[in-house]
Amino acid sequence: MTRTAPLDLVAADDLFSDEERAIRDTVRKFCADRIRPHLAEWFEKGELPARDLAREMGELGLLGMHLQGYGAAGTNAVSYGLACHELEAADSGLRSLVSVQGSLAMYAIYAYGSEEQKNEWLPRMVTGEAVGCFGLTEADFGSNPGGMRTNAKKDGSDWVLNGTKMWITNGSIADVAVVWARTDEGIRGFVVPTTVKGFTANTVPGKLSLRASVTSELVLEDVRLPADAVLPHSKGLASPLGCLNEARFGIVFGSLGAARDCLETAIAYASDREVFDKPLSAYQLTQAKLAEMALELGKGMLLAVRIGRLKDAGTLKPEQVSMGKLNNVRVALRIAREARTILGANGITLEYPVMRHANNLESVLTYEGTSEVHLLVIGQALTGVGAFR
Ligand SMILES: Cc1cc2nc3c(=O)[nH]c(=O)nc-3n(C[C@H](O)[C@H](O)[C@H](O)COP(=O)(O)OP(=O)(O)OC[C@H]3O[C@@H](n4cnc5c(N)ncnc54)[C@H](O)[C@@H]3O)c2cc1C
């Protein structure tokens, strides 16, 4: 009998235009040829040739691809979502590199920057010649970034920044850091070239998750910047949260890529593996697991596409992004863990991608708003009452 691909159960292909499918297929091929053969090694060594990959992904038009102008590809949001889906089917670290570059660092400059800042940085970030990072979180302030201690004080016409940021993706390889700091006028964003005196980035050691991704601490000691380093249109916490919404959108699609890869791996494995004299896939218990996984994957994709179409229509609300991020990462993690059981002992190795995905998804569950934070966002939308504190 023929096998149906998991996402064909909801006829997912019909949801996309020819152009969206073409972009998806291009990214899938890039990952198959260039990324997948090396992933186990990169993950094991905890190293990613991120700058080389940024260049290659820049050539493919993946960096800031849904932004308009400045050399960006200018695709719709669904195409960007599908690119994230394919990148994360390879590894969440790859998608993180692209998310942070395009949706956090570039988007901050794009949405809140001056024309000079945009012209200086965006064209080079589109090509991957310049890599960006986004410094919001601090060791003591993750879910509650409004408590940040990093500050920027005026000294004549200059700004002087002091503070430490933690868990910053791409931090030690970045050319430019968008740093959020407390000022007399509230929280503002600053464009910080990483070569400036007083700026250091240290790689965070000992990660068991997102090992094929650079995660760093940023230290700013009397970093002196000219007056025009501030993002002129950034005003308060709403500005970094606007960037986070962009990156969360990528995760809505991306996390399901990891889930799809786990499910496809589990189906192939169960078909080949014989236990008690017949294929593992022929047992009802296994089929129930696979069917439950396919059900959740399909529902998650329908939700992702709905959210993508709302984004393209310009009507997407933050609580809708929260629904997608919360549901799809949770579902992806469950699928990864269930797939791991089907692979038995082989499931714990790097020979198969499922444990790598499961480990990565633990980070994805936490960053860009934890599950608890997204529950609170949805709860606030439902009741009109904020229950964050
Ligand atoms: C690999 C990785 C990469 C990252 N990259 C970046 C980056 O590029 N830039 C950046 O700025 N940050 C980045 N982060 C940081 C990430 O956004 C934070 O880790 C995240 O916001 C959670 O903050 P925290 O780790 O301090 O956890 P905490 O905020 O301390 O949360 C701990 C627990 O408390 C729960 N909690 C918090 N508040 C409430 C509440 N009101 N009610 C109930 N429960 C609550 C949380 O849900 C969680 O379960 C990254 C993190 C990781 C792991």
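The values are calculated or read from the model by the stated rules, or taken from the named source; none is laboratory data. If you're wondering where the values come from, they're calculated on a predicted model, not measured in any experiment. No Cβ is skipped: glycine too gets one built from the backbone with ideal geometry, and neighbour counts run over all protein chains shown. We work out accessible area using only protein heavy atoms, side chains counted, and drop any ligands, DNA or RNA first. Shrake-Rupley method; radii C 1.70, N 1.55, O 1.52, S 1.80 Å.
Summary of values
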quantity: Span from the the range 343-376 Cα centroid across to the the range 265-325 one, whole angstrom; calculated: 15 Å
quantity: Loop sites in the range 164-221: trypsin sites (Lys or Arg not before Pro), DSSP, at most 10 other Cβ within 10 Å; calculated: LYS197
quantity: Charge-dipole axis of the range 1-134 as Lys and Arg at +1 and Asp and Glu at -1 on Cβ define it, positive-most pick from ALA90, GLY102, THR26; calculated: ALA90
quantity: Protection proxy ranking, peptides 229-237, 252-260, 295-303, 60-68, average beta carbon neighbours within 10 Å, highest first; calculated: 252-260, 60-68, 295-303, 229-237
quantity: Sequence of LYS278, LYS317 when ordered by accessible area, the most exposed leading, probe 1.4 angstrom; calculated: LYS317, LYS278
quantity: Radius ratio Rg over Rh of the range 208-289, counting only Cα atoms, Kirkwood formula for Rh; calculated: 1.30
quantity: For the range 28-156: rounded, prolate or oblate by the Cα gyration tensor [a/c cutoff 1.5]; calculated: oblate
quantity: Local electrostatic count at GLY171 - Lys and Arg +1, Asp and Glu -1, tallied over other residues with Cβ under 14 Å; calculated: 0
quantity: Probe 1.4 Å, all protein chains present, accessible-area order of ASP158, ASP228, largest first; calculated: ASP228, ASP158
quantity: Qualifying GluC sites (Glu not before Pro) for the range 88-192 [loop in DSSP, other Cβ within 10 Å: at most 15]; calculated: GLU129, GLU185
quantity: The chain: calculated mean residue ellipticity at 222 nm from DSSP helix runs of at least 4, using -39500 (n - 2.57); calculated: -16000 deg cm²/dmol
quantity: Most to least packed among 370-378, 89-97 [average Cβ atoms within 10 Å]; calculated: 89-97, 370-378
quantity: 3J(HN,Hα) from dihedral phi, the range 223-231, Karplus parametrisation 6.51/-1.76/1.60, rounded to Hz, x for glycine, proline; calculated: 6, 9, 10, x, 3, 7, 7, 6, 6
quantity: Of the DSSP H helices in the chain, those whose Cα atoms cover at least 30 Å axially and whose Kyte score averages -0.5 or more; calculated: 238-272, 284-313, 318-342
quantity: Å² per residue, accessible surface of the range 291-332 at 1.4 Å; calculated: 42 Å²
quantity: Nonlocal amide H pairs with GLU138, under 5 Å, H built at 1.01 Å; calculated: MET166
quantity: Sulfur and carbon atoms: percent of accessible area, the range 164-289 [1.4 Å]; calculated: 55 percent
quantity: Cα-Cα pairs of the chain separated by more than 37 Å (percent); calculated: 20 percent
quantity: Calculated diffusion of the range 243-389, Stokes-Einstein form, Kirkwood radius summed over Cα pairs, 4 °C and 1.567 mPa s, µm²/s; calculated: 80 µm²/s
